[in-house]
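What follows is one structure encoded as structure tokens, with my remarks underneath.
The values are calculated or read from the model by the stated rules, or taken from the named source; none is laboratory data. These numbers come from a predicted model, not from an experiment. Neighbour counts run over all protein chains shown; Cβ positions are idealised from the backbone, glycine included.
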Amino acid sequence: MRRLSLAITAALTLSGVSASAQTAAQTTAMTGALPIRNAPATTPTDLPVAAGQASYVNLSGAVRDVVVGDPTIADVSVVNDRTLVVLGKRPGVTSLLAFGAGGRALADRQVVVSENGGGGVTVYRGATASNYACAAQCTRLGAAGATTP
């Protein structure tokens, strides 16, 4: 392992790579892990939505165009010039892009539609599974397994 890191250091030195890159390469060689880099500023942020539920997105400017990557996963409605409502249709991941005047990007979101919005519970009893939607109280939705009791 020591020989490998020395070989990497020598190769980087000969190629004129900076000291910080040499340190990162040595760390990678010793730990086997890649160095952590800051994510680009344009990375889309997640918008979690449950299937059959809706969430809203406030925009910093007046929207002109809205694009949904896969309209079978989520749908978008324009409420007013600065508010969008995203409806989860089926579980999956898609993108949501919103543009203002002159094509200025107002939103770049990754819409993550789940089967239940975190307020769901599945109870297993042997081969039988029962699904419940829970808020203040839980309501049985149906079976997700072999049979229902």
>> Please verify whether Arg104 is over 30 Å from Arg140 (Cβ atoms), among the basic types (Lys, Arg), surrounded by fewer than 16 Cβ atoms within 10 Å (Cβ to Cβ) and modelled with pLDDT under 85, treating the condition exactly as stated.
In response: no
> If you scan region 124-138, which residues turn out to be surrounded by fewer than 14 Cβ atoms within 10 Å (Cβ to Cβ) and either under 29 Å from Pro71 (Cα atoms) or modelled with pLDDT of 85 or more (or both)?
Replying inline: Tyr124, Arg125, Gly126, Ala127, Cys134, Ala135
